[in-house]
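Everything below concerns the one structure shown next.
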Amino acid sequence: MPKNNKIYTIGLDIGGTKMKAVLFDGEKVIANDSLATPRDNLDHFLVMVKALLDPMLEKAKEIKARVKGIGLGIAGTLNFDRNIMLVSPNIPIINNVDLLEKLKSIVDLPIVIDNDTNCFVRAEAKIGVGKGRQSIYGIIIGTGIGGGWWVNNEIYKGAHGGGGEPGSFIIDLENSIGLEEAYHKIMQNNPAQMAEEAYRGDILAERTYEELGRILGTTFANIVNLINPEIFILGGSVVESSNLFLSQAKKTMKIHIESSEARKKVKIVKSKLGANAGVIGAALLAQSK
């Protein structure tokens with residue numbers, strides 16, 4: 001039997017409502033599973049994470065694959081020096097918790113951690129629609145808005161670990177309203193319902209999505225003027241309704257980009273890896289360590 005030289009890792013993506021795991025061989029997903037994210041207490045959370053990891057480890061044992069480590073992607077603001085979640089808006093039970101230390105008690109493998117949007121961007125840059133490009137800005141639009149910048153083959157984290165995030169960009173100076181707050185406000189905290197109404201021909205819902213396109217287009221133009229990425233990659237549940245806002249976003253972006261060259265060349269595209277981008281990116285994180 002030929003020697004198996006593939007590097008196997010486990011990716012774990014923990015969101016506010018659902019958490020996913022994959023066993024990944026560097027090219028494709030070998031096994032996957034998902035469970036609801038517990039939010040009642042930390043002990044229950046750790047029990048369910050173990051329940052998600054165990055089938056991945058069993059599959060690895062079955063195919064005689066050595067697992068190099070686990071990559072963990074999670075929504076929130078991290079202190080990367082101390083591996084502590086500072087603020088996870090949708091999973092407050094893990095705030096100020098050293099997750100890696102806690103996870104060591106349930107699995108005996110090296111674990112690395114990153115923001116979930118960084119994991120999404122990493123996957124799209126390495127094996128998705130951004131493959132071969134040097135400067136990529138990824139943005140997830142779903143429960144909230146998260147972003148990350150892939151430049152020169154790595155995620156840019158900035159001096160204090162919070163680089164690349166667009167959610168707090170002030171878009172209404174008079175009322176001090178940021179991008180994510182404006183998004184929640186105009187979508188009435190229910191983008192899926194708003195999309196359904198727009199598809200049924202509701203004029204107000206259609207105009208709401210056009211307004212989202214203008215807000216995003218302005219944001220993208222500001223990002224282009226500041227860091228000049230080659231491409232924007234969109235992910236998250238709202239991308240399923242992108243035909244309601246994407247053309248407006250592109251039009252608005254071009255109006256506000258200063259460089260004529262960037263105006264012609266920068267692209268906005270949808271994720272190639274879809275809902276699995278974040279968990280694959282977490283697995284790729286573990287492969288790079």
Notebook entry, point to check: Yes or no: K126 farther than 17 Å from S271 by Cα and touching a residue at least 60 places away in the same chain (Cβ under 8 Å)?
Noted result: no
Next item on the list: Look through the range 171-180, keep the residues that are over 21 Å from the mean Cα position of the chain (by Cα) and of a type in the set (A, V, I, L, M), and return whichever of them is surrounded by the fewest Cβ atoms within 10 Å (Cβ to Cβ).
Entry: L173
Check: What pairs can you find where one residue is in the range 147-168 and free of Cβ contacts under 8 Å to residues at least 24 places away in the same chain, the other is surrounded by 17 or more Cβ atoms within 10 Å (Cβ to Cβ) and part of a loop (DSSP other than H, G, I, E, B), and their Cβ atoms are less than 6 Å apart, with a gap of 6+ or different chains?
Finding: Y156/G164; G163/K157
Notebook entry, point to check: How do the strands (runs of 3 or more DSSP E) wholly within the range 107-208 filter down when requiring 1 or more residues that are closer than 28 Å to F80 by Cα, acidic (D, E) and modelled with pLDDT under 95: which remain?
Noted result: 111-115
Next item on the list: Could you pull out the residue among L103, L57, L99, L86 that is of a type in the set (A, V, I, L, M), modelled with pLDDT of 95 or more and over 26 Å from A221 (Cβ atoms)?
Entry: L57
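The values are calculated or read from the model by the stated rules, or taken from the named source; none is laboratory data. Predicted model, so just to flag it, every value in this text is computed and none were measured. In this analysis, Cβ positions are derived from the backbone assuming ideal geometry, glycine residues included, and neighbour counts consider all displayed protein chains.
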